[in-house]
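Let me begin by presenting the structure, written as structure tokens, before commenting on it.
The values are calculated or read from the model by the stated rules, or taken from the named source; none is laboratory data. Fair warning: this is a prediction, and the values are worked out from it, not measured in the lab. Here the Cβ positions follow ideal geometry from the backbone for every residue, glycine too, while neighbour counts run over all protein chains shown. Each accessible area value is taken on the protein alone, full model and side chains, heavy atoms only, with ligands, DNA and RNA left out. Shrake-Rupley method; radii C 1.70, N 1.55, O 1.52, S 1.80 Å.
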Amino acid sequence: MSTTVSRAAAGGAPGRPLRAVEPAAFAGVFLRETTLFRRVWPSSTFGAIVEPTINLLAFGFGLGALVSTVQGIPYIQFIGTGTVATAVLFSSVFAGMFDTYVKRVYMKTYDGILAAPVDVPELFLAEACWIAVKAGVFGLAPLLVAIVFGLPPSWGMLAIPFIGFLTGFGIALMGMSFSGVVPSIDSFNYVQSALVTPMFLLAGIFFPLQGLPSWIATLAQVNPLYHCVQLVRDAVFGWQPADDLWHVLALVAFAAVMAPLAIRVLRRRLID
């Protein structure tokens, strides 16, 4: 309630009802994140880029020596496009979980921000957007490595940062939701083992899912990372309009579900 009152007091337009998300408050939080990133970008960028790139090189050259092509695509190119999703996943889910938890519990960052004319939706949607921007950029690293090793550039690759943004936005909000329900930071081990790892392995990054039992293909439809992988591959090797529309809608639906869930969970933690 105090936050709502402070926002109304600072609105500057008496009588105007407040929007669900005030652009000025959203922009303020987003700008804060970009300012902080300028201080920590080397360490933050290093982990987000190097780990997926190592995965690409290890699996590409390791399994690539045994498997020459998958679905008619050289294996290094198949895994290079899939590893884009790995970079998106790692840079968004862990930022959503750990950063949000540390800011809320240990640093009390959100107590200070919410004392300003900023409400919970603006705070976490802006943070999720910034995480998604980084995920879209970081996802390009393994793609550039794959280009060096023979992946032919295409105009469709220009869409990959947007695919990474959309995927990272929903996954960051999912991580934020978990940060609001876990009793301690150690509990993220359960999330990582029971959810993040299966998402990672059953997304079609390293092998196609078509040859697996049908229930796995069905389960993959609720895995946002699977839709990210398919969109990235289609962007590189040729769009499939009907299938890609379904993948985009699935990612939008996932983000639409995660946004109110994260806001509700974190509002209860911070205000109620």
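Placing R0 at 51 angstrom, the Cβ-Cβ distance between K108 and Q210 gives a FRET efficiency of 0.55 after rounding to 0.05.
Springs between alpha-carbon pairs under 10 angstrom, Gaussian network model over the chain: which of A203, A217, A262 fluctuates most? Taking springs between Cα atoms under 10 Å, the residue moving most is A217.
Looking at segment 160-272, the accessible area is 48 square angstrom per residue; that uses a 1.4 Å probe and ignores ligands, DNA and RNA. The local environment of D244, defined by Cβ-Cβ distances under 13 Å, has a net charge of -1 under the rule Lys, Arg +1 and Asp, Glu -1. Between 0 and 90 degrees, the angle of helix 23-62 with respect to the longest Cα principal axis of the chain falls at about 20 degrees. Working value for the chain: equivalent-ellipsoid semi-axes of 36, 18, 18 Å, each the square root of 5 times a Cα gyration tensor eigenvalue, largest first. Residues in segment 132-141 carry Karplus couplings, in order, of 5, 4, 5, 4, x, 6, 4, x, 6, 4 Hz; the curve used is 6.51 cos²θ - 1.76 cosθ + 1.60 with θ = phi - 60°, and Gly or Pro positions show x.
Modelled spin labels at S184 and A242, positioned 7 Å past Cα toward Cβ, are 5.3 nm from each other.
Both numbers refer to the Cα atoms of segment 131-272; Rg and Dmax are 16.4, 55 Å. The long axis of helix 75-94 is offset from the longest Cα principal axis of the chain by roughly 20 degrees. Dividing the convex hull volume of the alpha carbon atoms of segment 67-187 by its residue count gives 125 Å³ per residue. The calculated 222 nm mean residue ellipticity attributable to helices in the chain amounts to -22000 deg cm²/dmol, summing -39500 (n - 2.57) over DSSP H runs of n ≥ 4 and dividing by all residues. Between V120, V191, V232, the residue with the greatest mean-square fluctuation in the GNM of the chain (Cα pairs under 10 Å linked by springs) is V191. Top mean-square fluctuation among Y190, Y101, Y75, Gaussian network model of the chain, C-alpha springs under 10 Å? Maximum among the listed residues: Y190. For segment 223-229, the Karplus equation 6.51 cos²θ - 1.76 cosθ + 1.60, evaluated at θ = phi - 60°, returns couplings of 9, x, 5, 4, 5, 4, 4 Hz by residue, with Gly and Pro reported as x. With everything on Cα atoms, drop me the angle between helix 241-270 and the longest principal axis of the chain, reported from 0 to 90° to the nearest 10. Compared with the principal axis, the helix lies near 30 degrees. Near V70, the amide H atoms lying under 5 Å from its own belong to Y75; only residues 5 or more places off or on other chains count, and H is placed 1.01 Å from N.
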